[in-house]
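Quick notes on the structure that follows.
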Amino acid sequence: MNDTLQETGLDAHDALYLGRAIALSRETSARGNRPFGAVIALPDGTVIAEACNITAENGDCTAHAETEVLRIASPKASREVLAQATMYASGEPCVMCAGAIYWGNIRRVVFGIDAVRLRRFRNMRAGAGDLVMSCREVFAHSSHAIEVIGPAMLAEATQVHDAFWRA
């Protein structure tokens, strides 16, 4: 196994789906949206849903990749099934998305770039701030355990943001 994956706690399965979330972030960025993608997958490799941030396309400030992927997955999978799934997000889920992950009953999250690094990029543009709280802080108040792995695959996840925010 790749040393970088071992350092972040990722296995090949995690790297595959986090890589897909990062690819989705590139795709949505090309359409003018902020570069975020998300995938929900089961331990057996079944992908329940994938989605991108589409806030610029549809004007809905809640249309983050994580909320969009939950909107797609929820009608397809029970809360019990979602409890077995992992959400792969190209960036650390914001406070709103962390709440949605909790309500969606997702029990494991793997993300690329972390919120601290994202804030450095967002500070380049007026009005692009966020609530300063990590998803781990939000999940610490959950009534059930939510495992969080990240930042992971940081070079790949950061590259997309570097291109987007500096443009």
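Tabulated data
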quantity	calculated
P(r) histogram, all alpha-carbon pairs of the stretch 1-91 included - 5 Å bins from 0, percent	3, 16, 23, 21, 18, 12, 6, 1, 0
Sequence of 92, 57 when ordered by accessible area, the most exposed leading, probe 1.4 angstrom	57, 92
Residue 61 accessible area, assembled protein chains, probe 1.4 Å, Å²	100 Å²
log10 of Debye I(q)/I(0), alpha-carbon scatterers only, for the stretch 5-49 at 0.22, 0.26 Å⁻¹	-0.76, -0.89
Summed side-chain charge close to residue 105 - residues other than residue 105 whose Cβ falls under 10 Å, Lys, Arg +1, Asp, Glu -1	+1
Chain lengthening between residue 133 and residue 46 when straightened (0.36 nm per residue, less Cα-Cα)	28.2 nm
Ratio Rg/Rh [Cα only; Rh per Kirkwood] for the stretch 35-129	0.98
√(5λ) per eigenvalue of the Cα gyration tensor, the chain, largest first, Å	22, 18, 16
MRE, 222 nm, helices only [DSSP H, n ≥ 4, -39500 (n - 2.57), over the chain, to nearest 500]	-13500 deg cm²/dmol
Neighbour count of at most 14 Cβ within 10 Å plus DSSP loop: longest trypsin sites (Lys or Arg not before Pro)-free window in the chain	77-124
Taking the C-alpha atoms of the stretch 44-96, convex hull volume expressed per residue in Å³	93 Å³
The chain: relative contact order as a whole-number percent, Cα under 8 Å and 6+ apart	22 percent
Rounded to 5, percent antiparallel among DSSP beta bridges of the chain	55 percent
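The values are calculated or read from the model by the stated rules, or taken from the named source; none is laboratory data. Because the structure is a prediction, the values reported are computed rather than measured. All Cβ positions, glycine included, derive from the backbone under ideal geometry; neighbour counts span all protein chains shown. Protein only, heavy atoms only, side chains kept; ligands, DNA and RNA dropped before computing areas. Shrake-Rupley method; radii C 1.70, N 1.55, O 1.52, S 1.80 Å.
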